[in-house]
Amino acid sequence: MELDALFYSHFSAKPVVKACAPGRVNLLGEHVDYNGGPVLPAAIDRAVNLVAAAQTEPIARLFAQDLGMATAFRLDQLEKKVDLDGQPLPKWAYYPAGVAWALQAAGLPTPGLEAIYSSDIPIGSGLSSSAAVEMVFAVTWEVLGGWQIDRMQMARLCQKAENGYVGVNCGLMDQFASAHGVAEHALYFDTRSLYWEAVPLMPAVALVIADSGVRHSLSTSAYNERRAACEQAVKLLQQYLPELHSLRDISPVEFAAYGESLPPEIRKRAEHVVKEIARVESAVAALKTGKKQSFGALMYSGHASLRDLYEVSTAELDTLVAIAHDLPGCIGARLTGAGFGGCTINLVEESQAPDFIQSLQQAYHEKTERKAQVYLCKASNGAEATRI
Ligand code: GLA
């Protein structure tokens, strides 16, 4: 059933806004967004859809269709993180509540609403299901609140919601991609200068996403620990390079000279970041000049680095990449997103994609006894909301 029709099963007001915000896949540049590095994601044609009605009271009444769960909370008491009955707010409601909290802190009105939403982005799979929920509420409040801000500021406020309200110390890549997606393009985004440009994807190449079926939880300490290791590396390297602000400021050549001084685990984390930043620059050049094989090789080495140096891969993700590597038509493959489970992204010759998908699923099942969900995706436009 359409979301508009389902709306009336839960609420009685008349819906006035329809909104949609996509998930993203990252082609290259993993764990560099919180180090000031460049990333190369694309918004995908899997998204959160939402229908909302305005309310006069400062209350958000939400129904999460996929979870089959409802909650309601006051928009003027967000710090308390409780529902209308004073019970702790369910974790899934932290995302919309956090967005309202960040918007209000920026002086932007977040009027009361009734909203139903539903997503076809697999949850916790590394495809930014959370950033898409944040963005869909941000664009909805933009329409209901009658204000307008640029998409970069909106992405930053959603990141603030996740950092300050949900408690995940993420970078800006996911919210940026959900806000700025361009159909058929990858997005080169420099997270230090905030410069970005849309780069056309290669013609006749399919984006195939394979879900390992293993789940991570970003808020588990592992993600925040990796970030802390990078900050520690910067501090230690400042002894030699006092001008250093982030790992973005050190070239692979300088790192070869000074990296030796770091404790082994910190050195591995920093080496991944420094080299991954260089890989993104090479990959963008390869994309712009149609050098498919070079692009693919950079993806494989990116994966090896996430596995061996950053240590965020899993046996299942490694298996998916190894299988893909040997299949006809595969240009490149790597884990995408934070890691600790989730998905791989595979660039595959379009004509060979159906066979690729079948063989990948079969071999993965034989090797792991798990079933991989595989999605053939298209690069898509960013979040938007319209009055209905
Ligand atoms: C998660 C975070 C992003 C980014 C990636 C890893 O998706 O939300 O900010 O750090 O992990 O590249």
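A short reminder: the numbers here are calculations on the coordinates, not readings from a lab. Note that the coordinates shown come from a computational prediction; the quantities given were computed from them, not determined experimentally. Backbone-built Cβ (ideal geometry, glycine too); neighbour counts: all protein chains shown.
Calculated translational diffusion coefficient of segment 261-330 (20 °C, 1.002 mPa s; Stokes-Einstein with Kirkwood radius over alpha-carbon pairs) equals 163 µm²/s. Pairwise Cα separations in segment 62-108 fall into 5 Å bins from 0 onward with the following percentages, short to long: 5, 22, 34, 21, 13, 5, 1.
Within segment 77-197, the proportion of C-alpha pairs whose separation exceeds 22 Å stands at 34%. Taking only the Cα atoms of segment 218-291, the ratio Rg/Rh comes out at 1.05, with Rh defined as the Kirkwood radius. Only Cα pairs under 8 Å and at least 6 apart count here; give the relative contact order of segment 1-159 as a rounded whole percent. The value is 28 percent. Taking 25 °C and 0.890 mPa s as the conditions, I'd like the Stokes-Einstein D for the chain in µm²/s, using the Kirkwood hydrodynamic radius from alpha carbon pairs. In µm²/s, the coefficient rounds to 114. The GNM of the chain, with springs linking C-alpha atoms under 10 angstrom apart, assigns the highest mean-square fluctuation among Leu244, Leu157, Leu67 to Leu67.
With Rg and the Kirkwood Rh both taken from Cα atoms, where does Rg over Rh land for segment 267-388?
1.01
Quick check: net charge around Ile331, other residues with Cβ under 12 Å of its Cβ, Lys/Arg +1 and Asp/Glu -1? Here the charged neighbours net out to +1. Relative to one another, the C-alpha centroids of segment 81-149 and segment 182-245 are positioned 24 Å apart. Protection proxy ranking of 98-111, 330-343, by the mean of other Cβ atoms within 10 Å over each peptide's residues and highest first, is 330-343, 98-111.
Size estimate for segment 128-216 follows the Kirkwood approach: the inverse of mean 1/r over distinct Cα pairs works out to 14.6 Å.
Under a model in which nothing but the beta-carbon of Lys, Arg (+1) and Asp, Glu (-1) is charged, segment 29-110 shows a dipole of about 120 debye around its Cα centre.
Long hydrophobic helices in the chain, taken as whole DSSP H segments with a C-alpha length of 27 Å or more on their own axis and mean Kyte-Doolittle hydropathy at least -1.0: 264-288. Based on the convex hull around the alpha carbon atoms, segment 187-311 presents an average projected area of 9.2 nm². Among Ser193, Ser130, sorting on how many other beta-carbon atoms sit within 10 Å of each Cβ, with the fewest leading, yields Ser193, Ser130. Placing R0 at 30 angstrom, the Cβ-Cβ distance between Ala228 and Ala304 gives a FRET efficiency of 0.80 after rounding to 0.05.
Estimated from helical segments only, the mean residue ellipticity of the chain at 222 nm is -12500 deg cm²/dmol, where each DSSP H run of four or more residues counts as -39500 (n - 2.57).
Largest mean-square fluctuation among Tyr258, Tyr300, Tyr195, in a Gaussian network model of the chain whose springs join Cα atoms under 10 Å apart, belongs to Tyr195. Under 19 Å of direct C-alpha separation, and excluding same-chain neighbours fewer than eight residues apart, Lys275 reaches these lysines: Lys235. Taking 0.36 nm per residue of sequence separation and removing the Cα-Cα distance, the Lys91/Ala13 pair yields an extension gain of 25.5 nm. Residues of the chain were split at every exposed loop site, defined as GluC sites (Glu not before Pro) in a DSSP loop with at most 11 other C-beta atoms within 10 angstrom, and the longest piece left, sites excluded, is 3-242. Check Val17: other-chain or 5+ apart residues with amide H under 5 Å from its amide H, H built from backbone geometry? Close amide H contacts, sequence-distant or interchain: Ala52, Ile388.
Inter-part distance, segment 320-338 to segment 10-79, computed on C-alpha centroids, equals 30 Å.
Highest GNM mean-square fluctuation, the chain, Cα pairs closer than 10 Å: which of Asp83, Asp326, Asp174? Maximum among the listed residues: Asp326. What you get for segment 52-178, charging only the Cβ of Lys and Arg (+1) and of Asp and Glu (-1), is a dipole of about 220 debye around the Cα centre. The Cα trace of segment 319-384 gives Rg and Dmax of 12.5, 42 Å, the first to one decimal, the second as a whole number.
Using a simple spin-label model with pseudo-atoms 7 Å out from Cα toward Cβ, Ser351 and Lys288 lie 3.0 nm apart. Segment 1-158 has equivalent-ellipsoid semi-axes of 26, 18, 15 Å, by the square roots of 5 times the alpha carbon gyration tensor eigenvalues, sorted largest first. Once you order the gyration tensor axes a ≥ b ≥ c over the Cα atoms, which shape class does segment 66-141 get: rounded for a/c under 1.5, otherwise prolate or oblate by comparing a/b with b/c? Because a/c hits 1.5 or more and a/b fails to exceed b/c, segment 66-141 counts as oblate. Greater than 31 Å separation of Cα atoms is the criterion. Which listed pairs, Lys91/Lys292; Lys288/Lys367; Lys160/Lys291; Lys18/Lys160, meet it? From Lys91/Lys292; Lys288/Lys367; Lys160/Lys291; Lys18/Lys160, over 31 Å: Lys91/Lys292; Lys288/Lys367; Lys160/Lys291.
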